[in-house]
Amino acid sequence: MKYVPRPTSWIQGYRQGKRLVPALVVIYAILLSGIVTSYRDQNYYSSLLFALIAGVFTFWGLLVYSATRLCWQRGSSTVHLSRLRGGELAATIGNRRLFVILESLAYAYLGVTLVSFPFVMAMIPSSGTRTDARLRLLALAMPVFGVVALCWASGWLIRRRGELSVGLSPEGLYHWSRFGCCFYAWEQIRNVLPVALAYPTLDLVVVDPKKRQSKPEENFLAAWPIFRRYSRRIGLQYLNVNPCVVYLAIVFYLRHPELRHELASSDGVRRIQKLEFAEVLDELEATGTLRVASERS
């Protein structure tokens, strides 16, 4: 893949994200020390508790590494044409299946750990200290958060599409997230903002009409304003392509409505794969950000 400039905000977010990996390594080392020490002291249930928490950090450490480091090493070739439930076609960029499975397992493991937390604490002999009492009181609330994590891991039960992805069609943009899909017509998208988080994210500035027609790809959640606002933030860290490719493609087709028809054919797929966004690439290189409207318009 040829060189693609990054938005300035993503460069700042990448620098912040690099600090997360060593922080997780330090926490992991502390947990491993706790496991070994508790086992040597024959505090087996304490050792089990440390092991459960270490497992949580194992999953999330892998996800953080992939989100902050590996996403920038991807190319632009894994774009394909998908047929939607309504019969139309769209250029689609999917999430890597490994990361989708790993994230679901991470939430499931976190949920099981939090649900079992008070039971494990009950088997650990009480030290009688104030810290121990507070920890046991906190453990009683952990199952609530565990159930939330398990529900988050089970999002595939209610969404209509297995693959999490972003789709660009002649009519607009589809965002398939964990709990379902939201469609945003091109005319409703006012701006696209790269957000300075530890991982690359896009915020869509959208003006939804008071009455909108549901798309076959959407489930019942797409009618909820809170879910539509949630879906306007698109995390790009697990996609099959470099995150900059999605940013460039969205802005390019917002600027060129006369070319949106090609998103229903191999022409749109080929343009995205070959990064044929000349003026958009030059602007991103020069300014570190993109305007939805070009200077010519």
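Quick check: at a probe of 1.4 Å, how many percent of the accessible area of the chain sits on carbon and sulfur atoms?
The computed percentage sits at 62.
If one takes the longest principal axis of the Cα atoms in the chain, at what angle in degrees, from 0 to 90 and to the nearest 10, does the Cα axis of helix 20-40 lie?
The two axes meet at around 20 degrees.
Rg and Dmax of the chain, Cα atoms, in Å?
22.5, 73
Kirkwood Rh and Cα-based Rg: tell me the resulting Rg over Rh for the range 96-162, rounded to two decimals.
Working: Rg = 15.7 Å, Rh = 13.4 Å.
In the range 96-162, Rg relative to Rh is 1.17.
Quick one: divide the alpha-carbon radius of gyration of the range 148-197 by 2.2 N^0.38 Å and tell me what you get. Let's see the in-between values first.
Working: Rg = 13.3 Å, N = 50, 2.2 N^0.38 = 9.7 Å.
Compared with the compact-globule rule of thumb, the range 148-197 sits at 1.37.
Roughly how many debye, to the nearest 20, is the charge dipole of the range 41-126 about its Cα centre, given +1 on each Lys and Arg Cβ, -1 on each Asp and Glu Cβ, and no other charges?
440
How large is the helix-only mean residue ellipticity at 222 nm for the chain, computed as the sum of -39500 (n - 2.57) over DSSP H runs with n ≥ 4, divided by its residue count, in deg cm²/dmol to the nearest 500?
Numbers: 10 runs with 145 residues, N = 297.
Mean residue ellipticity at 222 nm (helix-derived): -16000 deg cm²/dmol.
Counting other Cβ atoms within 10 Å, which trypsin sites (Lys or Arg not before Pro) in the range 120-210 have at most 11 and lie in a DSSP loop?
Lys210
If each of Ile158 and Leu62 carries a label point 7 Å out from its Cα toward its Cβ, how far apart are those two points in nm?
Result: 2.7 nm between the two label points.
Which FRET efficiency, nearest 0.05, do Val292 and Glu88 yield, Cβ-Cβ r, R0 25 Å? The partial results should precede the final answer.
Values: r = 24 Å, r/R0 = 0.94.
With a Förster radius of 25 Å, E is 0.60.
Using the Cα atoms of the range 165-287 to build a convex hull, what is its mean projected area in square nanometres?
7.9
Taking a temperature of 20 °C and a viscosity of 1.002 mPa s, what whole-number D in µm²/s does Stokes-Einstein yield for the range 1-96 with Rh from Kirkwood over alpha carbon pairs?
Result for D is 126 µm²/s.
Using a Förster distance of 41 angstrom, determine the FRET efficiency expected from the C-beta separation of Glu276 and Lys210, and round it to 0.05.
It comes out at approximately 0.65.
In square angstrom, what is the accessible area per residue of the chain with a 1.4 angstrom probe?
51
Let me check against my output: what whole-number percent is the relative contact order of the range 138-297, with C-alpha pairs under 8 Å and at least 6 apart?
In percent, rounded to a whole number, it is 19.
Report the per residue volume, in Å³, of the convex hull enclosing the C-alpha atoms of the range 226-297.
That works out to 128 Å³ per residue.
The values are calculated or read from the model by the stated rules, or taken from the named source; none is laboratory data. Quick caveat, the model's predicted, so the values are computed rather than measured. Glycine gets a Cβ as well: all are built from the backbone with ideal geometry, and neighbour counts include every protein chain shown. All accessible areas refer to the heavy atoms of the entire protein, side chains included, with ligands and DNA or RNA removed. Shrake-Rupley method; radii C 1.70, N 1.55, O 1.52, S 1.80 Å.
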